[in-house]
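Please treat every number below as a calculation from the coordinates, not as lab data. Only a predicted model underlies this, so the values are computations on that prediction, with no experimental measurement involved. Methodologically, a virtual Cβ is constructed for each residue, glycine included, from the backbone with ideal geometry; neighbour enumeration extends over all protein chains shown.
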Amino acid sequence: MPDVGRVLISGNVAYRKYADQGWNDYSEVYKAGNAVDGDTDPKIRHQHCSLAQQYGLIKFSWLVDLGELYDIEEVTLIGTLGE
């Protein structure tokens with residue numbers, strides 16, 4: 001029996017949704033929203049990346065509010081390439 005009321009959505013459900021990250025020295029440049037803006041340029045100097053850092057025992061954090069519940073099958077993270 002098929003799932004009634006469920007709709008299959010493919011693609012980036014996080015695109016331009018609200019994102020937040022723990023504060024760090026670069027929060028104003030490498031904003032959390034950069035991670036969901038659709039730009040996948042990995043070069044950190046182009047300032048399209050998000051950056052979360054760990055300070056001692058304080059762990060980094062990053063989140064995105066998808067606005068509703070989804071069954072997520074895959075998450076893609078793209079690391080930075082430095083300069």
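Summary table
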{"read-out": "Residue in region 34-47 that is in contact with a helix residue (DSSP H, G or I) (Cβ under 8 Å, 6 or more places away or on another chain), outside any strand (DSSP E or B) and of a type outside the set (Asp, Glu) present", "value": "yes"}
{"read-out": "Any pair with Cβ under 7 angstrom, 6 or more apart, that starts in region 67-79 at a residue that is in contact (Cβ under 8 Å) with a residue 12 or more places away in the chain and ends at one that is of a type in the set (A, V, I, L, M)", "value": "TYR70/VAL13"}
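For (1) farther than 29 Å from ILE9 by Cβ; (2) surrounded by 15 or more Cβ atoms within 10 Å (Cβ to Cβ), each residue gets a yes or a no:
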| site | (1), (2) |
| --- | --- |
| GLN21 | no, yes |
| SER27 | yes, yes |
| ASP39 | no, no |
| ARG45 | yes, no |
| LEU51 | no, yes |
| GLN54 | yes, no |
| LEU57 | yes, no |
| LEU63 | no, no |
| LEU69 | no, no |
